[in-house]
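Any read-out appearing in this document is the output of simple, stated calculations on the displayed coordinates, not a laboratory observation. What you are looking at is a predicted structure, and each value in this text was computed from that prediction instead of being measured. Note: ideal-geometry Cβ built from the backbone for every residue, glycine included; neighbour counts use all protein chains shown.
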Amino acid sequence: MKRILVTGGAGFIGCNFVRMLLDRHPDYCVIVYDKLTYAGRLENLQDVAERHPDRYTFVRGDICDAELVESVVREHDVDTIVNFAAETHVDRSILNPDAFIQTDVYGTFVLLEVARRCGNLRYHQISTDEVYGHIEGEHRSRETDCMAPRSPYAASKAGADHLVQAYHITYGLPTTISRGANNIGPYQYPEKVVPLFITNALNDMPLPVYGDGQQRRDYQYVLDHCTAIDLILEKGVPGETYNVGTGQEMTNLEMVEILLDELGKPRSLIQHVEDRLGHDRRYCLDVSKIISLGWQPTYSHEEAIRTTVRWYVDNRWWWEPIRSGEFREYYQRVYGNR
Ligand code: NAD
């Protein structure tokens with residue numbers, strides 16, 4: 001039995017990863033450790049708890065709480081830590097960076113220390129393409145490129161990546177890092193651009209597009225990202241970093257148009273608003289390293305967007321209560337009364 005601690009497993013990517021892992025590997029046990037911030041939700045894992053009661057455990061806790069993390073690791077005889085836990089929304093990091101530094105940097109340090117103290121456990125860090133910053137011209141970021149983060153969120157993720165690498169070099173901890181492009185799919189909190197626009201459009205509300213909407217992004221389907229992480233756990237080389245994405249790019253406006261077409265909603269819902277501070281114009285990853293490890297994305301951008309739209313159409317039970325809670329106050333702070 002492999003025994004994996006998945007921190008941040010009640011969030012968007014984490015819950016998709018846990019579901020996939022338990023379905024794919026009958027010999028894996030998963031312990032989800034999550035603080036349940038506004039972005040972490042137990043209902044994201046309800047079906048998992050029902051289907052795998054003997055191989056799935058949930059523990060509520062903060063990754064900054066070293067004592068609790070260590071006791072959970074020892075009690076469950078964990079051999080691998082996969083860290084998804086983070087504050088993740090760039091707009092919130094601009095409004096209030098403190099929690100980002102605390103969780104994303106200090107929390108990662110705590111997990112690395114516990115991994116080291118408990119016998120050099122296998123450690124995988126979920127990072128982001130945003131650590132590379134804005135990418136000029138036709139260049140694609142390679143894993144060996146310097147990090148040049150430009151938002152408090154990206155800077156905190158870059159800090160964590162440096163720590164992970166330092167623990168590998170200094171202490172020989174068997175670490176890997178994956179840097180994922182933008183993920184979309186089921187259970188993504190509706191503050192993020194794609195579910196925000198889908199749920200606004202379903203409510204016939206305007207879609208607030210930052211600036212000219214020409215920012216270029218790689219929208220990968222979350223399950224593709226999850227299969228890449230699974231592969232890295234099996235075949236990744238300790239000390240290495242792997243970019244994960246489709247390697248393709250599209251503008252935010254193109255994404256919005258596909259989304260509106262799938263919903264049968266008019267383009268007149270598009271409303272350009274003042275651009276985000278320090279908004280990166282382009283991210284683009286060179287994904288040849290993960291492909292040579294034996295991985296391939298299975299969803300194009302368009303398929304990923306259309307599949308995501310259909311999930312939100314079919315799962316109002318999940319997002320309607322969120323949109324009427326804390327989210328409403330946050331939305332007004334960022335977008336006013338639109
Ligand atoms: P999310 O915001 O949906 O989920 C984050 C989870 O972490 C939540 O369940 C939350 O409760 C938990 N958490 C936050 N602070 C915690 C703490 N101190 N202790 C324990 N748990 C805590 O995020 P996501 O989109 O699923 O992202 C997961 C990871 O993937 C993050 O590390 C993020 O940086 C990275 N990533 C995300 C994307 C994307 O497009 N969403 C792309 C690349 C990388």
| query | For the pair HIS134 and MET205, how long in nm is the line joining their label points, each one 7 Å along Cα→Cβ? | reply | 2.9
| Out of residues 5 or more away from TYR219 or on other chains, whose amide H comes under 5 Å of its own, with H placed 1.01 Å from N in the peptide plane? | MET250
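Using the alpha carbons of the chain, what is the convex hull volume per residue in cubic angstrom, as a whole number? Kindly include the intermediate steps, with their values, before the conclusion.
Numbers: hull volume 41.1 nm³, N = 338.
Given the Cα convex hull of the chain, per-residue volume reads 122 Å³.
By DSSP, what percent of the beta bridges with both residues in the chain are antiparallel, rounded to the nearest 5? Don't jump to the answer; show the numbers that get you there.
Values: 2 of 39 bridges.
In the chain, approximately 5 percent of DSSP beta bridges are antiparallel ones.
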| task | Using Cα pairs closer than 8 Å and at least 6 residues apart in sequence, work out the relative contact order for the chain, in percent. | result | 17
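From Cα pairs below 8 angstrom and at least 6 apart in sequence, can you work out the relative contact order of segment 47-126, rounded to a whole percent?
40
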| task | Give me the percent of DSSP beta bridges within segment 118-256 that run antiparallel, rounded to the nearest 5. | result | 15
| If you line up the Cα atoms of segment 75-123 on their principal axes, what length do they span on each, largest first, in Å? | 39, 17, 14
| said: Give me the extension gain from ASN120 to ALA148: residue separation times 0.36 nm, minus the current Cα-Cα distance, reported in nm with one decimal. | reply: 7.1 nm
| Value in Å of the Kirkwood radius, where segment 171-257 supplies the Cα pairs that are averaged | 14.8
| Once you sort the root eigenvalues of the Cα gyration tensor of segment 87-184 as a ≥ b ≥ c, which label holds: rounded (a/c under 1.5), prolate (a/b larger than b/c) or oblate (the other case)? | oblate
| request: Work out how much length ARG60 to ILE169 would gain on full extension: take 0.36 nm times their residue separation and subtract the Cα-Cα distance, in nm to one decimal. | output: 36.1 nm
| If the cut-off is 28 Å between C-alpha atoms, which lysines fall inside it for LYS265, apart from same-chain ones fewer than 8 positions away? | LYS192
| task | With label points built 7 Å along Cα→Cβ from the Cα atoms of ASP212 and SER71, find their separation and express it in nm. | result | 5.7
| note | Filtered hits (lysines, Cα-Cα < 22 Å from LYS289, offset >= 8 within chain) -> LYS157, LYS235
| query | For segment 247-338, what is Rg from Cα atoms divided by 2.2 N^0.38 Å, rounded to two decimals? | reply | 1.37
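May I ask for the net charge around TYR330, where only other residues with Cβ less than 11 Å from the Cβ of TYR330 are counted and Lys, Arg are +1 while Asp, Glu are -1? Write out the running numbers ahead of the final one.
Numbers: positive: ARG92, ARG323, ARG328, ARG333; negative: ASP91, GLU191, GLU326, GLU329.
Taking every other residue near TYR330 into account, the sum is 0.
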| said: With an 8 Å Cα cut-off and a minimum separation of 6 or more residues, compute the relative contact order for segment 161-267 in percent. | reply: 37
| query | For segment 151-158, what does the Karplus curve 6.51 cos²θ - 1.76 cosθ + 1.60, with θ = phi - 60°, yield as ³J(HN,Hα) per residue in whole Hz, taken in order and with x for Gly and Pro? | reply | 10, x, 4, 5, 5, 5, 5, 5
| request: Filter the GluC sites (Glu not before Pro) in segment 255-338 to those in DSSP coil with at most 10 other Cβ atoms within 10 Å of their Cβ, and list the result. | output: GLU274
| task | Would you mind computing, in nm to one decimal, how far apart the modelled labels at LEU293 and SER268 are, each placed 7 Å from Cα along Cα→Cβ? | result | 4.9
| Cα gyration tensor shape for segment 1-121, rounded if a/c is under 1.5, else prolate or oblate | oblate
| query | Can you list residues whose amide H is under 5 Å from TYR210's amide H, if they're 5+ apart or on another chain and H is modeled 1.01 Å from N? | reply | VAL273
| query | Along the Cα-to-C-beta direction of ASP47, a point sits 7 Å from the Cα; which residues of segment 1-39 have their amide N less than 14 Å from that point? | reply | 15-24
